[in-house]
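Asker: Mind looking over this structure? Questions follow.
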Amino acid sequence: MLILGFALMGGVIAYVLRLPLVVGYIGAGFVLSNVFPLGSGETATVGGIANIGVALLMFTLGLEFNLSRIKGLGEVVLLGSFIQIILTIILGLIIFPFLGFDLFNSLFLGSVLSLSSTAIVVKILSDKGQIDSLSGEISVGWLLMQDLFTLPLIIILPAVGLSIVSGSGMFWSVLAFAKALSISIGLGIVLFAIGRYVLGPLFAKIAESGVREFLLLIVFVFCLLLSYTAMMLGLSFAIGAFIGGVLLSTTLTNKAIFSEIRPLRDLFSIVFFVSLGFLLKSDFIISHFSEIFFLAILVIFFKFLVSSVIVFIFGYHSKIAFNVGISLTSVGEFAFVIAILGISSHIITEQTYLIILSVASFSLLLSSPLLSSGDKIYTGSRSFLKKNFPSLGAYFHRLDSHIFSEGKSYQDHVVIVGHGRVGQYIAGAMATLGIPYVVIDYSMQTVRVLVAAKKEAIYGDSSDIDILNAASLAKAYALVIAIPDRGARNIILSHARSLNRDILILCRVHKMEEKKNLTAIGVYSLIQPEFEASLEMTRRLLFRFGYDGNSIENVLDNLRQEHGF
């Protein structure tokens, strides 16, 4: 009760301060360990509950494993995430030996700190309304790949570490690495087959019984059974749970299983993060504060630099690259999980373990405000360069403003901002009807495809007034804002009104509270994709029930009025 009470207080304080809840839970454990020190028996009990929390975290990660989703992520995510992890590991091998760590502990630190926090990034992007933006999709895909790299790290690091600890030479360590890598690849193939052809039909039968308690109980037992089996086979408790999740990820019941197990996972996970706070030592943090702070800043800066440069090289606008980079600066929750495995297997030193906990906690504390204020930081940085270093600012502007339609003039056309899932259909309709239009998009690859197809397209930041001028917005008949990024949308609207007061504006919107402000500045039509989809589904459903067209339209009109549209 004491642990959950402190966790609640820590979570509330973190929420009020707009910090990740994980930081609040760890802080609660740190305070609790100093105010009410636990005895050895109580510590063991908390440790047991925390292990279940780790297992359920890994189990749900396995449940969300989706091979088809990975295929659709694109090169920037598939290659970019791999390059970023490798470069971060290399940085660890270069930097940490100078701080007194041996080769393996440096490898371990670099590997663990290369991972970022999926839960925190998704939460902040959702709050900002950018989860469906281009930068949001790249960031979430990148984080998904990092989560998947957790599996080989959990298998390979202990195998190599135990080989080194046992005194084996370089040859045997390399052999242990190759063996662990082969096991992880082979394990993935076997798991996929078992999940689809054995567990799929079995859990479908259980779900057909209609008794939710059966499904929850059987899944929980299944998770713990595989965890303890993995321990007996010499693997970690957490990897067994992950295997269980992967086995069930290919079944038709995986979503139902996730919804049942998630509340249980969240509760046990809170205890796990509080238990991490127990392990943080105030004297260690005080005596190593400068080292911890330096490493946290270094990790944040390096991960931001590497990931943003990679995205930029793949042909995306600097704003997209910046937003992706700033989304990946934190150290993720699974860094704590792997650290626990490392210390329990006696393959890393206590100092390495405490450094991981401290740096990860600091990175979460520092990176969250950066991500929340990403747009302001980007705009401020560009303004600073333009004002104080004009030549450098002009260079970045040239890189970002490659205008494929340069020199062309337009009249009474439609400017479409964004050629994603919404914009491409609008552009297709304009092309079919012969209505002139110009597309503005962040992605160089998208613009190249459009130009190759003889379409009018401009690459650049649509919130940049120079890009809007290049699209002849002052002479345009209509502006369609098809991107979900609220911050960029508001800047575009401001520029649009200054360039062309009579322009017809149609705007994509996701939250009702935005409607009043957008209507006040003269937006002709607001379209909420989710609401429009619900109207069309209602229309088709009522048609199947035999209602006539007028009755259906009356119902839909009432829904529009209730919804404010």
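Asker: Which pairs have Cβ atoms under 7 Å, sit 6 or more apart or on different chains, and link a residue in the stretch 488-502 that is farther than 14 Å from residue 467 by Cα to one that is surrounded by fewer than 19 Cβ atoms within 10 Å (Cβ to Cβ) and at pLDDT below 85?
Answerer: 497/521; 497/522
Asker: Could you tell me whether any residue of the stretch 256-272 is modelled with pLDDT under 70, in the same structural domain as residue 245 (by TED's automatic domain parsing) and over 16 Å from residue 220 (Cβ atoms)?
Answerer: no
Asker: I've got another one for you. Check off (1) among the small types (Gly, Ala, Ser); (2) out of contact with any Ser or Thr (no Cβ under 6 Å at 6 or more places or on another chain); (3) modelled with pLDDT under 85; (4) crowded, with 17+ Cβ neighbours inside 10 Å for residue 471 and give me the number that stays unchecked.
Answerer: Result: residue 471 fails condition (3) only.
Asker: Return a yes/no flag: does the stretch 279-290 have any residue that is more than 30 Å from residue 5 (Cβ to Cβ), in a helix (DSSP H, G or I), touching a Gly at 6+ places or on another chain (Cβ under 9 Å) and modelled with pLDDT of 70 or more.
Answerer: no
Asker: A further question follows. Working only within the stretch 467-495, note down all residues that are within 29 Å of the chain's Cα centre (by Cα) and not aliphatic (A, V, I, L, M).
Answerer: 484, 485, 486, 487, 489, 490
Asker: Could you count how many residues in the stretch 435-453 are at pLDDT 85 or above and part of a loop (DSSP other than H, G, I, E, B)?
Answerer: Here the count works out to 3.
Asker: Just checking, which of 502, 464 is in the same structural domain as residue 412 (by TED's automatic domain parsing), more than 17 Å from residue 410 (Cβ to Cβ) and over 26 Å from the mean Cα position of the chain (by Cα)? Walk me through it before giving the result.
Answerer: On the way: 502 fails: more than 17 Å from residue 410 (Cβ to Cβ).
Answer to the selection: 464.
Asker: Determine which member of the set 320, 338, 285 is assigned by TED's automatic domain parsing to the domain that holds residue 88 and either in contact with a Lys or Arg (Cβ under 6 Å, 6 or more places away or on another chain) or surrounded by fewer than 22 Cβ atoms within 10 Å (Cβ to Cβ) (or both). Walk me through how you get there before you give the answer.
Answerer: Values: 320 fails: either in contact with a Lys or Arg (Cβ under 6 Å, 6 or more places away or on another chain) or surrounded by fewer than 22 Cβ atoms within 10 Å (Cβ to Cβ) (or both); 338 fails: either in contact with a Lys or Arg (Cβ under 6 Å, 6 or more places away or on another chain) or surrounded by fewer than 22 Cβ atoms within 10 Å (Cβ to Cβ) (or both).
After applying the criteria, what remains is 285.
The values are calculated or read from the model by the stated rules, or taken from the named source; none is laboratory data. Predicted model only: the values in this text are computed from it and were never measured. Virtual Cβ from ideal backbone geometry, glycine too; neighbours counted across all protein chains shown.
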